[in-house]
1. For the residue pair Asp83 and Ser144, what label-to-label distance in nm results when each label sits 7 Å from Cα along the Cα-to-beta-carbon direction?
2. What's the longest piece of the chain with no exposed chymotrypsin sites (Phe, Trp or Tyr not before Pro), counting a site as exposed if DSSP puts it in a loop and it has at most 15 other beta carbons within 10 Å?
3. If we count every other residue with Cβ under 12 angstrom of Val37's Cβ, Lys/Arg +1 and Asp/Glu -1, where does the sum land?
4. Using DSSP to call loops (not H, G, I, E or B), can you name the GluC sites (Glu not before Pro) in the stretch 120-154 whose Cβ has at most 10 other Cβ atoms within 10 angstrom?
5. From the backbone phi of the stretch 38-48, what are the Karplus-calculated ³J(HN,Hα) couplings (6.51 cos²θ - 1.76 cosθ + 1.60, θ = phi - 60°) in whole Hz, Gly and Pro given as x?
6. Add -39500 (n - 2.57) for each DSSP H run of 4 or more in the chain, then divide by its residues: what number comes out at 222 nm, to the nearest 500 deg cm²/dmol?
7. Work out the FRET efficiency for Ala121 and Glu185 from their Cβ-Cβ distance, taking R0 = 22 Å, and round it to the nearest 0.05.
8. Rounded to whole Hz and in sequence order, give me ³J(HN,Hα) for the stretch 113-129 from the Karplus expression 6.51 cos²θ - 1.76 cosθ + 1.60, θ = phi - 60°, writing x for Gly and Pro.
Amino acid sequence: MRELALHILDILQNAVEAGATRVALVIVEDVPTDRLVITVRDNGRGMDAQTLAQVTQPFFTSRTTRHVGLGLPLFAAAAERADGQLTIRSQPGVGTTVDVTFTLSHPDRQPLGDMTGTLLAFLLSERTPQLDYQHRVVREGASSVEETDFSFDTADISAALAGLPLTHPAVAQWLAEFLAEGEAELTHVA
């Protein structure tokens with residue numbers, strides 16, 4: 001995969017397959033510490049120790065929608081190429097947390113990519129759990145550290161829509177604009 005956003009989409013789809021009703025996605029781009037951290041946490045069925053031990057092995061999958069599992073091994077390899085790592089914590093009946101770290105400035109780190117498109121693909125899919133999304137960028141300012149955040153929770157958005165689905169054409173259009181504006185604000189900080 002050419003960009004990290006596609007790896008993130010794969011992990012989000014794993015959460016759906018695991019029966020998650022709630023997913024948290026947190027991205028932190030921390031320039032002063034030169035770290036990029038991506039965390040995906042779900043309340044799906046979780047994994048036992050045996051499955052957890054195999055899940056980063058190429059071609060292993062517990063998903064019934066495909067027979068080859070390369071998502072997590074490729075994401076782990078992308079992190080390792082950029083002096084980072086992928087760790088997974090999971091407990092049956094509780095859920096799974098995937099943490100992926102990268103050296104932000106590493107020349108082999110893939111770009112984050114199209115987060116707006118990734119979020120839209122996930123949110124407008126057929127079976128979508130609630131998503132709590134946070135994307136934070138930390139930069140060194142002239143005299144202090146500056147943070148810019150973009151976050152939303154689809155539970156709040158759905159409550160405001162009073163039963164209108166995210167897939168309704170007018171809502172989907174608004175959602176696309178909302179996501180694009182929010183992500184753009186992160187890149188336009190002085």
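Coordinate-derived values only; no laboratory data. This one's a predicted model, so the numbers in the text were calculated from it and none came from an experiment. Neighbour counts run over all protein chains shown; Cβ positions are idealised from the backbone, glycine included.
1. The two pseudo-label positions are separated by 2.9 nm.
2. No qualifying site falls inside 61-190, the longest such stretch.
3. Taking every other residue near Val37 into account, the sum is -2.
4. Glu126
5. Computed from phi, the couplings for the stretch 38-48 are 10, 10, 10, 10, 10, 10, x, 6, x, 10, 7 Hz.
6. -10500 deg cm²/dmol
7. According to the calculation, E is roughly 0.60.
8. Calculated HN-Hα couplings, in order: x, 7, 5, 4, x, 5, 5, 4, 4, 6, 5, 9, 7, 5, 10, 10, x Hz.
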